[in-house]
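Before any comments, here is the structure.
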Amino acid sequence: MTRQMQALRNAGVEVPDLPDKLFFAIREVSELCDIEPHVLRYWETEFHHIKPVKKSGNRRFYRQRDIYSILQIKHLLYDLNFTIKGAKKRLQQGDIDQLVEQNSSQDTLSKIRQELDSIYRLLES
């Protein structure tokens with residue numbers, strides 16, 4: 001298991017088991033990542049982390065590292081509610097491991113806040 005895959009799984013991202021091959025067509029990546037092909041093409045223009053190989057007829061072929069980058073971007077945009085600009089900045093600043101740490105501390109703070117709210121409601125009664 002690669003370090004990037006493990007970091008994504010630690011972040012709570014569902015990482016599909018990838019077939020043992022070098023290149024994936026856009027349709028395969030779309031199905032693996034549950035993202036429409038037009039979104040993948042748009043993300044290519046926005047995020048330099050996604051660099052599919054273009055072959056005859058301008059067909060795109062993605063590597064496993066592209067798929068992990070797509071899953072990381074999806075996590076930032078859909079799960080953590082980053083804007084595209086914020087996700088770009090975050091990806092430039094650091095690694096997914098740092099995001100996992102940040103996300104888990106935010107979860108902890110949220111749980112503490114909920115417990116304090118429930119204690120406060122009990123005290124008001």
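The values are calculated or read from the model by the stated rules, or taken from the named source; none is laboratory data. Everything quoted here is computed from the prediction, not taken from an experiment. Neighbour counts run over all protein chains shown; Cβ positions are idealised from the backbone, glycine included.
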(message) I'd like to verify a number: residues in region 36-63 that are at pLDDT 90 or above and within 21 Å of GLN6 (Cα to Cα), how many?
(response) 3
(request) Quick one: PRO16 ticks every box in (1) of a type outside the set (Phe, Trp, Tyr); (2) farther than 15 Å from LEU76 by Cβ; (3) not in a loop (DSSP other than H, G, I, E, B) except a single one, so which number is it? (result) (3)
(request) Considering only residues that are touching a strand residue (DSSP E or B) at 6+ places or on another chain (Cβ under 7 Å) and under 10 Å from VAL29 (Cα atoms), look in region 43-65 and name the one that is surrounded by the most Cβ atoms within 10 Å (Cβ to Cβ). (result) TYR62
(message) So the check is Cβ under 7 Å with 6+ separation or different chains; which pairs have a first residue in region 46-63 that's touching a residue at least 12 places away in the same chain (Cβ under 8 Å) and a second one that's surrounded by fewer than 16 Cβ atoms within 10 Å (Cβ to Cβ) and charged (D, E, K, R)?
(response) ARG60/LYS54; PHE61/LYS55
(request) Only one of these is at pLDDT below 85, more than 30 Å from GLU31 (Cβ to Cβ), out of contact with any Lys or Arg (no Cβ under 7 Å at 6 or more places or on another chain) and surrounded by 10 or more Cβ atoms within 10 Å (Cβ to Cβ): GLN114, GLN93, GLN98, GLN106. Name it. (result) GLN106
(request) For region 66-83, state whether one or more residues are surrounded by fewer than 17 Cβ atoms within 10 Å (Cβ to Cβ), modelled with pLDDT of 90 or more and over 12 Å from the mean Cα position of the chain (by Cα). (result) yes
